[in-house]
Amino acid sequence: LDFGDIEKELAAKLTDDDISKILLHIDAAQKVKRLRLTNCINISGSGLASLRYSTSIEQIDLSLVEAHKSPILDPTPPLSCDQVVSILESIISDERNSLKHVQFPHDWRRKDPVEPQVQVLEFLGRYVVMLINRGATCCDKCNQTIFMGDCMELLDHEYDCFGVQNHICSICSKNFCHSCSADDNYFSSVMFCSTCERYYCSKCVTMEECGVCEVMFCVGCLPDNECASPRCSINFCNSCHSNNSCWECDTSWCNECNDCTYCEWCDERCCVSCSKKEGVNGVHHCDYCIMAQCNQCRLNRSQSGDFAHTFGGE
């Protein structure tokens, strides 16, 4: 059951009462294996009460966003950690439960700069123990046993992948070890996207690597920031675009092709082409000391007597 299959505007208007009636009508506790609350940004979670002690549910996605979308929502939805976690606790308390994948909201895992929700931390600890006690889980590709004690990052909440299961694909729910590589490249069979904060297997989603910082993204999340050099086809993330772009024309390059010069005093970046334009705060290398400075910093330092010569003269 994926609420992303209905119109986004309609899903955003659904109340807990609406959700409760839907789940009860279809006997979700006994029949639904996968539940995705996509775009249900108006609920507190009380409408999920009928799922208590469910033995059929295998996957619950509480991120409230579609696949390949950032889980950071503003304003923060009213989904209650207290109410939802108590329902999850009831599910894993039954040894017959089938739950194997939970995707938490971003704010519950990373409440910067505050520690993650205490209820989430406590649940995750019990959830991992439950997975370990359930017995051996094998890689769907090589049949190697996966140690569930390492199935998610639980120590450092500053990691994007904190509280996200790292062995299971968020789409097909199949398990993969990190020793297996994808069929068509050297990447692991299951990889983490740093934008939508989900793990995907190579069968369900193609992953791409930022050509500058080497962080992984799914194809739906990696922005189309291609190096401006006609001899290069490297694509990179928004963060690297910001770090390697001209402040005047916003053109960006990869590290190897970078055409920007950085002012060593104010970090202003300007490409060679823009630096030649009249009226632009271009960045140039001094003919004497080779120091790179923008026009404004050079003028300010000259007027303050900070150095004896300016660019191109004494």
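Filtering the stretch 201-253 to residues that are part of a loop (DSSP other than H, G, I, E, B), hydroxyl-bearing (Ser, Thr, Tyr), closer than 21 Å to residue 283 by Cα and touching a strand residue (DSSP E or B) at 6+ places or on another chain (Cβ under 8 Å) leaves only 251.
For the stretch 293-308, enumerate the residues that are open to solvent by less than 70 Å² (accessible area, probe 1.4 Å), of a type outside the set (Phe, Trp, Tyr) and more than 39 Å from the chain's Cα centre (by Cα). Passing the criteria: 298, 301, 302, 305.
The C-beta contact set for the stretch 252-275 (first residue within 18 Å of residue 300 (Cβ to Cβ), second residue charged (D, E, K, R) and in a loop (DSSP other than H, G, I, E, B), distance under 6 angstrom, 6+ apart or interchain) comprises 270/248.
Within the stretch 274-282, the presence of a residue that is out of contact with any Gly (no Cβ under 8 Å at 6 or more places or on another chain), in a loop (DSSP other than H, G, I, E, B), at pLDDT below 85 and of a type in the set (D, E, K, R) is excluded.
Is it true that residue 163 is in contact with a Phe, Trp or Tyr (Cβ under 6 Å, 6 or more places away or on another chain) and either more than 19 Å from residue 97 (Cα to Cα) or free of Cβ contacts under 8 Å to residues at least 40 places away in the same chain (or both)? When the stated conditions are applied, residue 163 passes them.
Residues checked against (1) within 22 Å of the chain's Cα centre (by Cα); (2) within 24 Å of residue 172 (Cα to Cα); (3) crowded, with 20+ Cβ neighbours inside 10 Å; (4) at pLDDT 95 or above:
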{"position": "4", "(1), (2), (3), (4)": "yes, yes, no, no"}
{"position": "13", "(1), (2), (3), (4)": "no, no, no, yes"}
{"position": "62", "(1), (2), (3), (4)": "yes, yes, yes, yes"}
{"position": "74", "(1), (2), (3), (4)": "yes, no, no, no"}
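If residue 290 satisfies every condition in (1) open to solvent by less than 70 Å² (accessible area, probe 1.4 Å); (2) of a type in the set (A, V, I, L, M); (3) at positive phi but one, which is the exception? For residue 290, the exception is condition (1). If the condition is being assigned to a loop (DSSP other than H, G, I, E, B), within 20 Å of residue 207 (Cα to Cα) and of a type outside the set (Gly, Ala, Ser), then the stretch 122-171 contributes 139, 140, 141, 159, 160, 161, 164, 166, 167, 169, 171.
Once the stretch 217-240 is narrowed to residues that are polar (S, T, N, Q) and open to solvent by less than 50 Å² (accessible area, probe 1.4 Å), the residue that is modelled with the highest pLDDT is 229.
Taking the options 90, 86, name whichever one is in contact with a Lys or Arg (Cβ under 7 Å, 6 or more places away or on another chain), under 23 Å from residue 165 (Cβ atoms) and outside any loop (DSSP other than H, G, I, E, B). It is 90.
Looking only at residues of the stretch 15-57 that are in contact with a strand residue (DSSP E or B) (Cβ under 7 Å, 6 or more places away or on another chain), of a type in the set (A, V, I, L, M, F, W, C) and in a loop (DSSP other than H, G, I, E, B), we find that the one that is surrounded by the fewest Cβ atoms within 10 Å (Cβ to Cβ) is 57. Filtering the stretch 90-114 down to residues that are modelled with pLDDT under 90 and in contact with a strand residue (DSSP E or B) (Cβ under 7 Å, 6 or more places away or on another chain), which residue is surrounded by the fewest Cβ atoms within 10 Å (Cβ to Cβ)? Here the residue is 110. Of the candidates 278, 248, 264, the single residue that is over 30 Å from residue 191 (Cβ atoms), touching a helix residue (DSSP H, G or I) at 6+ places or on another chain (Cβ under 7 Å) and open to solvent by 50 Å² or more (accessible area, probe 1.4 Å) is 248.
The values are calculated or read from the model by the stated rules, or taken from the named source; none is laboratory data. Keep in mind that this is a model prediction, so the values were computed, not measured. Quick reminder, even Gly has a Cβ in these numbers, built from the backbone with ideal geometry, and neighbours come from all protein chains shown. Just so you know, the surface numbers come from the protein's heavy atoms only, side chains and all, with ligands and any DNA or RNA stripped out. Shrake-Rupley method; radii C 1.70, N 1.55, O 1.52, S 1.80 Å.
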